[in-house]
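Data block below; observations after.
The values are calculated or read from the model by the stated rules, or taken from the named source; none is laboratory data. Because the structure is predicted, anything quoted here is derived from the model rather than measured. Ideal geometry is used to build each Cβ from the backbone, glycine not excepted, and the neighbour counts take in all protein chains shown. Areas reflect the complete protein model, heavy atoms only, side chains present, ligands, DNA and RNA absent. Shrake-Rupley method; radii C 1.70, N 1.55, O 1.52, S 1.80 Å.
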Amino acid sequence: MIDWGYNMIDIHSLSLEQKILQTKVALMEKGKKLKDKPGAVFFFGQIITEADDQGLEELKKYVNEVYEDADIPPLIPSDFENGCGSMVKGLTPLPYLMGLGATNDEQLAYDYGKATALEALSIGANWTFSPVADLNINRRNPLVNVRALTDDADLAVRMLKQVVRGMQDTGLAACAKHFPGDGLDYRDQHIVTTNNTLPFDEWKEKSGRVFQELINSGVYSIMAGHITLPSYQKERDSEFGLPLPATLSRELITDLLKGEMGFEGVVVTDALGMGGINGWYDSREQTEIEAFRAGCDMVLWPTEHYVENMKKAIESGYIPMERLDDAVRRILTLKEKLGLFNKDRKRFRELSESEREFIRETQKKTAEKSITLIRDTQNLFPIDPRKTKKILLIPVINHEPSFPVAEHLRDKIAERGIEVLFKPKIDGKEFYRLSDEVDLIIFAMFSRSFRPIGFLDYYGSAASALQVALNAGRKKTVGVSFGSPYFFKQYFERACTFVNAYSMLDIAVDAFVEAAFGEKEFNRFSPVVL
């Protein structure tokens with residue numbers, strides 16, 4: 001173990017291998033020891049098995065092992081897009097970012113970032129691959145959706161700057177993603193390379209403006225997406241004449257992001273195993289070298305031969321040493337900003353009871369202020385238990401693991417003294433019969449990007465349920481989406497009553513039920529155009 005004391009490392013004191021290792025983001029795997037000493041070690045929530053203090057201690061043990069094995073203090077990142085509970089059992093999930101957008105509350109945005117940072121630091125993480133800075137302009141985009149704050153650049157800039165400030169003021173490095181901006185294509189960059197199709201002048205006012213404002217306000221890192229920007233790119237691949245994704249494009253990373261936009265922080269690739277970066281070169285090993293050569297400073301989950309291949313690329317002159325030194329300088333500067341070279345720095349931040357309460361309150365406030373009443377022409381809200389005795393509740397679900405959230409909704413309504421007919425699968429004949437017997441019908445839709453992989457449309461039995469949704473009892477039907485806000489237009493355009501709750505979480509269910517029964521106020525601000 002090298003004792004680096006309080007001082008920033010002199011790049012020239014590092015060997016070629018140490019420099020290359022700084023550019024590697026490895027994956028922490030349960031029961032497996034790292035084979036080398038990478039600059040960053042990412043963990044998924046699956047690294048722990050129990051949603052309790054024992055599980056968190058297990059995670060801390062792994063983090064400690066990474067530190068003890070390192071020559072240079074490592075970055076410990078994860079994907080805390082909507083709070084740490086989105087990745088780690090036992091911690092606090094926050095409503096998805098679009099729910100935060102619906103609050104239109106800049107102080108709450110700062111608190112959202114701070115609450116994320118407090119819990120992240122408590123388990124030893126110091127870098128989050130968030131916030132999502134994409135604008136969900138295409139409502140058919142299958143990946144961004146509620147992970148984005150909005151489709152509006154003005155709202156995104158105001159709120160995201162506060163999220164980043166909340167994170168970084170507290171000591172957690174933020175990472176704006178996915179440059180040059182997802183949310184325009186109808187496809188998923190996990191599967192194929194996608195396109196930001198905005199004309200360049202319009203890009204500068206929308207996606208580009210969001211990233212530029214975050215750069216100007218000091219965001220520490222940016223994630224390059226497997227996304228093209230054809231309106232800017234002149235270079236095309238020789239096989240099909242297509243522009244390269246940002247992760248492989250010198251034009252987008254070196255010329256535009258670092259050059260014209262003046263970004264001096266760390267650029268990290270999105271995961272190298274995704275379909276959007278594959279197929280441009282003959283091998284994944286060549287692909288990761290090309291990503292670094294294009295200007296990405298850190299590569300996310302490279303192959304086991306990455307260091308060896310990078311050595312060959314540097315020694316042959318294919319990648320100039322200046323490119324490597326620039327990347328290492330950016331990485332070490334980030335580590336210095338986080339205080340990683342301070343030998344008195346504690347690896348785990350102890351949370352006070354007041355901080356734990358702050359995190360809980362941030363979760364609750366965000367959920368309560370996000371529930372958006374889109375339409376209620378029949379004045380069905382607030383629900384009066386003295387008049388509404390029986391409710392037909394039809395959960396619409398493609399992803400079976402979300403089923404307990406639907407059951408939670410059933411139980412919360414029943415707690416108000418109402419009989420709930422819970423019908424996860426219902427045919428037309430039964431629906432027509434029951435619609436006459438009940439006082440209110442609720443179609444509750446649960447969805448989340450990439451759960452399961454593919455488009456956000458409903459299919460099979462879920463689509464069959466929606467097919468009959470407005471055939472009977474239309475004026476006493478409530479549609480509520482605990483996910484995509486666009487289901488209003490897609491399935492319930494003729495509904496008299498519709499609510500967007502954005503998040504497939506128990507806390508969002510609680511907030512919806514409280515608003516529906518008049519215990520809290522509905523929000524009327526939509527963060528996206530419907």
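These residues, K489, K206, K60, K425, go from largest to smallest accessible area, 1.4 Å probe, as K425, K489, K206, K60.
Size of the chain from its Cα atoms: along the principal axes, largest to smallest, the extents are 77, 55, 38 Å. Residues whose amide H comes within less than 5 Å of that of L75, counting only those at least five positions distant or on another chain, are A40, V41 (H built at 1.01 Å from N in the peptide plane). Look at where the Cα atoms of region 194-235 and of region 346-422 average out, and the two centres are 36 Å apart.
Less than 9 Å Cβ to Cβ from P527, Lys/Arg counted +1 and Asp/Glu -1: what total charge do the surrounding residues give? Surrounding charge for P527 is -2.
Close amide H partners of T228, meaning residues 5 or more places away or on another chain with modelled amide H under 5 Å apart, are T194, N195, N196, A246. Under the combined filter of DSSP loop state and at most 14 neighbouring Cβ atoms within 10 Å, region 409-503 retains these GluC sites (Glu not before Pro): E415, E493. Residue separation of E239 and D506 scaled by 0.36 nm, minus their Cα-Cα distance, works out to 91.2 nm of gained length. Label-to-label distance for K337 and E400 is 4.5 nm, based on points extended 7 Å past Cα in the beta-carbon direction. What whole-number distance in Å separates the alpha-carbon centres of region 238-255 and region 288-335? Centre-to-centre distance over Cα atoms comes out at 17 Å. Over all other residues within a Cβ to Cβ distance under 14 Å of L440, the charged ones net out to +4, with Lys and Arg as +1 and Asp and Glu as -1. Once the chain from K61 to T303 is taken as fully extended at 0.36 nm per residue, the excess over their C-alpha distance is 84.6 nm. Spin-label model, Y186 to D201: label points 7 Å out along the Cα-to-beta-carbon direction sit 2.7 nm apart. The residues of region 428-530 expose, per residue, 39 Å² of accessible area to a 1.4 Å probe. If you wrap the tightest convex hull around every Cα atom of region 167-303 and split its volume per residue, you get 104 Å³.
Of the chymotrypsin sites (Phe, Trp or Tyr not before Pro) found in region 202-298, the ones in coil according to DSSP and having at most 15 other Cβ atoms within 10 Å of their Cβ are F240. Give the separation of the Cα centroids, region 109-170 to region 455-473, in Å. Going from one Cα centre to the other spans 32 Å. Adding -39500 (n - 2.57) for every DSSP H run of four residues or longer, then dividing by how many residues the chain holds, sets the calculated 222 nm ellipticity at -10500 deg cm²/dmol.
Within the accessible area of the chain, the carbon and sulfur atoms contribute 47%, probe 1.4 Å, all protein chains present.
Peptides 522-529, 11-18, 111-118, 255-262 ranked from most to least packed, by the mean per-residue count of other Cβ atoms within 10 Å: 111-118, 522-529, 255-262, 11-18.
Residues whose amide H falls under 5 Å from that of V396, counting only those 5 or more places apart or on a different chain, are A444, M445, F446, with hydrogens built in the peptide plane.
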